[in-house]
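Peer 1: Provided herewith is a single structure, encoded as structure tokens, for subsequent inquiry.
No lab work stands behind these numbers, since they all come straight from the coordinates. Remember, predicted model here, so these are calculated numbers, not experimental data. Every residue, glycine among them, receives a Cβ derived from its backbone with ideal geometry; neighbour counts consider all protein chains shown.
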Amino acid sequence: MYDRLRAEIVAGEFDAGVPLVELSLAERYGVSRTPVREALRRLEQDGLVERGERGMRVRTRSPEEILEIYEVRISLEATAAWAAAQRRTDFDLVRLRRAQDAMAATAADDPPAMAAANRAVHEAIWAAGHNGTVVDLLSRLNNHLTRYPATTLSVPGRWAEALDEHEAIIAAIEQRDAERAHDLARDHMTKARELRLRIYRDESA
């Protein structure tokens with residue numbers, strides 16, 4: 001139930017702000033209200049739904065929210081890269097290189113595959129920092145961004161640029177240059193924020 005409803009919300013089958021009525025959803029999916037209520041609770045934790053005046057509803061999108069998400073994400077991604085440079089193991093480097101090579105081999109005309117490959121590189125960096133709290137927080141933030149499905153990697157020139165930026169971050173991690181890894185990751189995510197805002201403006205125009 002949770003997986004089906006989450007997938008449909010992410011796919012845009014429910015418009016932002018639309019009320020999510022337990023009875024209607026139970027009839028839609030052929031289940032009782034109990035699993036619907038549990039799914040809505042989990043989706044609220046994910047940041048995909050919110051409480052409105054008439055119950056739960058699909059969370060609305062806004063440029064202010066994008067700024068809020070990235071304000072935290074920029075800081076955490078920079079912290080993750082810094083920690084990775086400090087604590088990475090040889091095995092972490094192998095995983096980083098494999099993820100980067102897989103991203104480089106991904107077709108630049110397949111947005112879902114591009115987004116997945118990019119996420120794998122970031123997750124490898126998070127893991128190399130060996131800080132479970134940072135990984136958990138970044139994973140939760142990523143849930144919020146699923147409501148903005150268009151990937152910034154589809155912006156002309158961004159795919160190649162992101163690959164180069166990843167390469168520089170990984171090199172800094174390999175060299176245990178924590179400050180450089182921090183600054184590169186911060187700049188990388190700052191660019192992503194600006195592109196995300198541009199996409200939102202274009203879609204809202």
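Peer 1: How far is it, in nm, from the label point at Val18 to the one at Ser139 when both lie 7 Å from their Cα along the line to the Cβ?
Peer 2: Result: 2.9 nm between the two label points.
Peer 1: To continue, here is another question. Calculated from DSSP H runs of 4 or more alone, at -39500 (n - 2.57) each and per residue, what is the 222 nm mean residue ellipticity of the chain, nearest 500?
Peer 2: Values: 9 runs with 147 residues, N = 205.
The per-residue figure over the chain is -24000 deg cm²/dmol.
Peer 1: Under 1.5 on a/c is rounded, so check that first for the stretch 2-58, then, if it is not, pick prolate when a/b is larger than b/c and oblate when it is not; a ≥ b ≥ c are the square roots of the alpha carbon gyration tensor eigenvalues.
Peer 2: Because its axes are fairly even, with a/c under 1.5, the stretch 2-58 counts as rounded.
Peer 1: Hey, rough spin-label estimate for Arg119 and Arg87, points 7 angstrom out along Cα→Cβ, what's it come to in nanometres?
Peer 2: 2.3
Peer 1: If I stretch the segment between Gln175 and Arg37 completely, what's the gain in nm (0.36 nm per residue apart, minus their alpha carbon distance), one decimal?
Peer 2: Result: 44.8 nm gained on full extension.
Peer 1: With the Cα gyration tensor of the stretch 22-122 giving a ≥ b ≥ c as the square roots of its eigenvalues, does the rule (a/c under 1.5 for rounded; else a/b larger than b/c for prolate; else oblate) give rounded, prolate or oblate? Write out the running numbers ahead of the final one.
Peer 2: Working: a/c = 2.44, a/b = 1.94, b/c = 1.25.
Cα axes put the stretch 22-122 in the prolate bin.
Peer 1: Continuing with this model, one more query. Considering amide H positions built from the backbone, and no H for Pro or chain starts, which residues 5 or more places from Gly52, or on another chain, come under 5 Å of its amide H?
Peer 2: Arg57
Peer 1: While we're here: Please give the FRET efficiency for Ala108 paired with Arg28, using the beta carbon to beta carbon distance and R0 = 35 Å, rounded to the nearest 0.05.
Peer 2: Details: r = 37 Å, r/R0 = 1.06.
Once rounded, the FRET efficiency stands at 0.40.
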